[in-house]
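Here's the structure, in structure tokens; my notes come after.
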Amino acid sequence: MRIKLKVILTVTIVLLLLGGCQGNPTITEQKSFDFTAITYGIVKQKQLKIDNTKILYTLSLKEFNPNGFEFDKYNNQFVENDDIKFVYIVSETKIYDSKSSPIQVDDITLDSKIKLSLHFLNDYLLVADKISIYED
């Protein structure tokens, strides 16, 4: 009788644990894209929120031409042959100078050559994960 009770209790506990695990959210990894560009402008955003993400700055870029099917919706926002495009900066964005030291957004100067690591916020907006100023 004791063994039967232990088996039933063990099976019940295992089933409860398995049932509880099914509701856990899964973490999906965002695909990141790397580019180079030249800074054109930085605009501080006061209360811009997109898809529950608070946007701190809009970074305008020259010589930034992402291509491929992933970027069709992004590129369709702009006039054909538009030289200026933009990405967003959020609180999680890491920014570094040419010596790999962390800096603030205000330290980025116009016409700086930068390397960007970006991900899509939705189908057509890009957010910077990392911005690094580099020298030739």
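Among the conditions (1) surrounded by fewer than 13 Cβ atoms within 10 Å (Cβ to Cβ); (2) touching a residue at least 24 places away in the same chain (Cβ under 8 Å), residue 101 misses just one, which is (2).
Does residue 68 satisfy the condition of being more than 19 Å from residue 133 (Cα to Cα) and either modelled with pLDDT under 90 or in contact with a Leu (Cβ under 8 Å, 6 or more places away or on another chain) (or both)? Considered against the rule, which asks whether it is more than 19 Å from residue 133 (Cα to Cα) and either modelled with pLDDT under 90 or in contact with a Leu (Cβ under 8 Å, 6 or more places away or on another chain) (or both), residue 68 comes out as no. For residues in region 72-95 being of a type in the set (Ser, Thr, Tyr) and buried (at least 17 other Cβ atoms within 10 Å of the Cβ), which is farthest from the chain's Cα centre (by Cα)? Result: 74.
The values are calculated or read from the model by the stated rules, or taken from the named source; none is laboratory data. Only a predicted model underlies this, so the values are computations on that prediction, with no experimental measurement involved. Virtual Cβ from ideal backbone geometry, glycine too; neighbours counted across all protein chains shown.
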